[in-house]
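The structure under discussion appears below in the form of structure tokens.
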Amino acid sequence: MSGPIGKRTPYIEAVQKVTGQAQFAEDFQFSNMLYVKFLRSPHTHAKILNINYSNAEKLAGVCAISIGTDLPIPFGVLPISPDETAMAVNKVRYIGEIVAAVAAESEKTAHEACNLIEVEYEIINDYLEPEDSLIDCSPDEQIHSHSKNGTNIHKVAELYFNDPKKAIENSDVSCTRKFKFAGVTHGFTEPHATVAKWNDDETLTVITATQVPHYLQKYLSKVLEIPLHKIRVIKPVVGGGFGGKSDPFPHEIITSYLSIKTHRPVKCVFTREEVFISNHGRHPTKMTLSVGADKKGMITGLDTDIVIDGGSYGSFGVVTSYYNGVLLQGPYRINEFGFTTTRTYTNKPQCGAMRGHGAVNPRYAMEVVIDELSQSLKMDPCDFREKNFLPANTLTVGQLRITSNGVLDCLKAVRKKSAWDKRYGKLPAGRGLGIACGFFISGSALPINWNRYPQTVVHTKLDFDGRVVVFSGASDIGQGSDTMLVQIAAEELGITMDRVQVEVADTKLTPVDLGSYSSRVTFMVGNAAKSASIKLRDELIKTISREKKVKPELIKFENNRIFTVDNSINMSWDEGVEICLAGRGSIVAMGYYISPKLGGKFKGSGAGLSPSYSFGAFVSEVSVDSKTGAVKVEKVWGAHDCGKALNPLAVEGQIEGSIHMGLGQAVSEELVYENGQFLNSNFIDYKIPSTMDTPEMDITIIESDEQEGPYGAKEAGEGPIHPVLPAIGNAVFDAVGIRMYELPITPDKVLKAIQDKNKCQ
């Protein structure tokens, strides 16, 4: 390709970010601004008997106070699970839930007013562990009245294909293990922030750190009872999300309501503690996983029973429940397969989507058990995996359509680079290697709100100044999607990237896109942008062909020039633009993406469906101090099949970020509660790995040819995290001979496992 596609390209906003010029939501200021603070529940579970805010109203500088009954309409990012209100109505369900909101002339005044609000509570029995939520309880004790069968169960997802239990029972070797995973949170740099402005023409403008402008617009309309066309949502530069900004949030609705109530702009900026309280991170999970294999090392069956702690509200939980099981269908062929996932409500902040949504914890369990089976069969773990890989262009037993598949090339790459065959099982005591493979979606084939509309729409516009503007609702949250849009337009039109500008994630200006989640943007938005750019180019070709009387197929675009091979036409881009726009004005073209029809007809068949899947293989090298139990990840070799790398620099960055985030969940990160109260809601006590903890990384991009992706591309943002954790866990076994069934792998757990092992010898 002659243009920027496939070339290492710095992000177009990089200079603005590093020089401090980029505008985040908190940076927006309006005259006459008010500031909102929240009164939060001190209880895990309690009825609200009375709220008295008369003293708060009297405080100078207080302009408005709102409580839950002002905004009673429920919402939720999944329309099948609308169980949340903007503030607690009648009862609170976790410590930190918003009970009241104050808009005042300053944050200090708003905070003081919150302290003057008096709330009378009646304590209800709480449910802090998922096992407790499985037990029958009285209607008053139910966290949500819609929970089934008098329990606090939110969702039971179950799919079985053939008879995995029998297959495992009849296997030559089998392994059943229990795993436990702590809850973790996203740790994004920028706290939640929102600015809302009720305008003189009775329209609402909301500037907010979100991954889903379209869905937020939809639920603002629903809860505030304002027509959709009167609401404008703008996503400015966002300082990270990782799924943690992919829901409509209560503070966005409340801030908007207070702006409407006061007819003044209102700003809300979270403290770091408030970010932790809002959570929406990865679910704490307990899992029993069974896998069988024959003597040749072929997997014969997989059966999984999973219980996940959903916290107080649904969020993405219905999807999470299915993803925990259904995404275990790859990267291996397993014909006897099944799972049951139970998501419970508990009186803690809700869990939701986080990088690698729903599949990270089960992947750890699967890859650890595969290593155990390899050990039982005295097979090399790499050889075992290679025997069982799904081939390209096939269907899984659960009707997931596998197209391109570079997993074997990924495995070969890390096996060679890590000198696996020479070093595995042969390193000095306390040093070890571990292997793991991964599998993830490239966009969900079904939209969250089921409809017949496209997944995404992109407009391209050419104007008299020779500038091409790309309009897209896609949300760049640091993954480089804005840069991708510019690359695609420049590639198809044969112009340099400086001639392309983007207008993105503004519901007034840009067409609909469903947001940045499920690794959908490169595949879906990329396809739409390519289509729109080709249509614009074709329109230019048609006009120039007619004006210059040459065959359309002879006209080429490259390096800001329009020409034919025989040089009968050789003009600058600007000259061509003048010809094409004469007598007609701007040219606008539209591209869109609709997922192909996929899946079976059974209940739950929509879960995990994607037009394409990414694959990967990682090797980790660790050192383990047998005296302290400390685990240090020394080096990681990562290979990821992303189809065509549209921007290798961005792909490498995504893989490196996945390694760092996976490292955190593997060895240090966990949300700690005591009686429902956060004990580590800050970056001192919540242990994200530092630069000193970050291992050496050796990254390999594997390019398979994904026929349905833009230029052959598929995802690279979430898939790479899945193999990181189990590669570390398996390396610990190679180093000191212990299997770790609980994450994070902290020194105390390692030391206990070593001691238990020594007792048995």
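Label region 447-593 by shape, choosing from rounded, prolate and oblate, from the square roots a ≥ b ≥ c of the eigenvalues of the Cα gyration tensor; if a/c is under 1.5 it is rounded, and otherwise prolate applies when a/b is larger than b/c, oblate when it is not.
Since a/c reaches 1.5 and a/b is larger than b/c, the shape of region 447-593 is classed as prolate.
For Asn50 and Lys108 in one chain, what is 0.36 nm times their gap in residues minus the Cα-Cα distance, to one decimal in nm? Don't skip to the end; give the middle numbers.
On the way: separation 58, 0.36 × 58 = 20.88 nm, distance 2.49 nm.
Additional length available on full extension: 18.4 nm.
Using the Karplus equation 6.51 cos²θ - 1.76 cosθ + 1.60 (θ = phi - 60°), what ³J(HN,Hα) coupling, rounded to whole Hz, does each residue of region 9-16 give in order, writing x for Gly and Pro?
Along region 9-16, the couplings run 10, x, 4, 5, 9, 4, 4, 4 Hz.
HN-Hα J couplings of region 332-340 from phi, Karplus 6.51/-1.76/1.60, θ = phi - 60°, integer Hz, Gly and Pro as x?
Once θ is set to phi - 60°, the couplings for region 332-340 become 10, 7, 9, 8, 10, 9, x, 7, 10 Hz.
R0 = 41 Å: FRET efficiency of Asp136 with Ala22, Cβ-based, nearest 0.05?
Details: r = 53 Å, r/R0 = 1.28.
With a Förster radius of 41 Å, E is 0.20.
Between Val672 and Glu129, 0.36 nm times their residue separation minus their Cα-Cα distance comes to what?
194.2 nm
Give me the net charge for the shell around Val266: Cβ to Cβ below 12 angstrom, other residues only, Lys and Arg +1, Asp and Glu -1. Mind dumping the intermediate values first?
Working: positive: Lys37, Lys197, Lys261, Arg264, Lys267; negative: Glu105, Glu107, Glu252.
Neighbourhood net charge equals +2.
Can you list the HN-Hα couplings for region 348-355, worked out from phi with the Karplus curve (6.51, -1.76, 1.60; θ = phi - 60°), rounded to whole Hz and with x for Gly and Pro?
9, x, 5, 9, x, 9, 9, 2
Check the straight Cα-Cα distances from Lys687 and name the aspartates and glutamates below 12 Å, setting aside those fewer than 8 residues away within the same chain.
Those aspartates and glutamates meeting the cut-off are Glu669, Glu670.
Any idea what the dipole of region 46-196 comes to, in debye rounded to 20, about its Cα centre with Lys/Arg Cβ at +1 and Asp/Glu Cβ at -1?
380
Could you compute the longest span of the chain free of GluC sites (Glu not before Pro) located in DSSP loops and having at most 12 other Cβ atoms within 10 Å, not counting the site residues?
It works out to 226-761.
Quick check for region 447-593: number of Lys pairs with alpha-carbon distance under 15 Å, counting only pairs 8 or more apart or on different chains?
On the way: Lys461/Lys530; Lys461/Lys535; Lys535/Lys556; Lys542/Lys551; Lys542/Lys556; Lys548/Lys556.
So the count of such lysine pairs works out to 6.
What shape does region 265-391 take by its C-alpha gyration tensor, where a ≥ b ≥ c are the square roots of the eigenvalues and a/c under 1.5 counts as rounded, a/b above b/c as prolate, and the rest as oblate?
It comes out prolate by the Cα gyration axes.
Please give the peptides 731-741, 451-461 ranked by average Cβ packing (other Cβ atoms within 10 Å per residue), highest first, as a rough proxy for protection.
On the way: 731-741: 22.0, 451-461: 20.0.
Peptide ranking by packing, descending: 731-741, 451-461.
Per DSSP helix of 4 or more residues, -39500 (n - 2.57); summed, then divided by the residues of the chain. What does that give at 222 nm, rounded to the nearest 500?
-8000 deg cm²/dmol
Rounding to the nearest 20 debye, state how big the charge dipole of region 447-593 is about its Cα centre with +1 on each Lys and Arg Cβ and -1 on each Asp and Glu Cβ.
500
DSSP loop trypsin sites (Lys or Arg not before Pro) in region 290-389 with at most 14 other Cβ atoms within 10 Å of their Cβ, which ones?
Those satisfying the criteria are Lys295, Lys296, Lys378.
Which residues' amide hydrogens lie under 5 Å from the amide hydrogen of Glu670, considering only partners 5 or more residues apart or on another chain, with H built in the peptide plane?
Under 5 Å from the amide H of Glu670: Lys687.
Residue farthest toward the positive end of the dipole of the chain, with Cβ of Lys/Arg at +1 and Asp/Glu at -1: which of Ser321, Pro250, Phe733?
Most positive-ward Cα: Phe733.
If a/c stays under 1.5 just call it rounded; otherwise compare a/b with b/c (prolate if a/b is bigger, oblate if not). Do that for region 645-723, with a ≥ b ≥ c from the square roots of the Cα gyration tensor eigenvalues. The partial results should precede the final answer.
On the way: a/c = 3.70, a/b = 2.25, b/c = 1.65.
In terms of gyration-tensor shape, prolate.
Which value in nm describes the separation of the simple spin-label points at Lys426 and Asn393, placed 7 Å from the Cα toward the beta carbon?
Calculated label separation equals 3.9 nm.
Could you compute the net charge surrounding Thr496? Neighbours are other residues with a C-beta less than 14 Å from the C-beta of Thr496; K and R count +1, D and E count -1.
Cβ neighbours under 14 Å give a net charge of -1.
Can you compute the FRET efficiency between Arg452 and Arg739 using 1/(1 + (r/R0)^6), with r the Cβ-Cβ distance and R0 = 35 Å? Round to the nearest 0.05. Mind dumping the intermediate values first?
Details: r = 49 Å, r/R0 = 1.39.
Once rounded, the FRET efficiency stands at 0.10.
Could you give the length gained on full extension between Met571 and Met590, defined as 0.36 nm per residue of separation minus the Cα-Cα distance, in nm?
Contour length minus the Cα-Cα distance gives 4.2 nm.
If the only charges are +1 at each Lys and Arg Cβ and -1 at each Asp and Glu Cβ, what is the size of the charge dipole of the chain around the Cα centre, to the nearest 20 debye?
1540
Consider the candidate values (i) 27.0, 88; (ii) 27.9, 96; (iii) 28.0, 104; state which one is Rg and Dmax of the Cα atoms in Å computed from the structure displayed.
(i)
With a cap of 16 neighbouring Cβ atoms within 10 Å, and only residues DSSP puts in a loop, list the trypsin sites (Lys or Arg not before Pro) found in region 473-572.
Sites meeting the loop and neighbour criteria: Lys508, Lys549.
If each of Lys178 and Gln761 carries a label point 7 Å out from its Cα toward its Cβ, how far apart are those two points in nm?
With each label placed 7 Å out from Cα toward Cβ, I get 2.6 nm.
Between Ala445 and residues 5 or more places away or on another chain, which pairs have amide H atoms under 5 Å apart, with H built 1.01 Å from N, and which residues are they?
The list, which skips near neighbours in sequence, is Leu609, Ser610.
Enumerate the amide H contacts of Phe249 below 5 Å, restricted to partners 5 or more residues apart or on another chain; note that Pro and chain-start residues carry no placed amide H.
Long-range HN contacts for Phe249: none found.
Could you tell me which chymotrypsin sites (Phe, Trp or Tyr not before Pro) in region 558-647 are loop residues by DSSP with no more than 15 other beta carbons within 10 angstrom of their beta carbon?
Working: sites: Phe563, Trp573, Tyr592, Tyr593, Phe602, Tyr613, Phe615, Phe618, Trp637; in loops: Phe602.
Answer by residue number: Phe602.
Computed from the coordinates by the stated procedures, all read-outs in this text should not be read as laboratory data. This structure is a prediction, so every number in the text was calculated from the model and none was measured. When we count neighbours, we look across all protein chains shown, and the Cβ atoms used for this are built from the backbone with ideal geometry, even at glycine.
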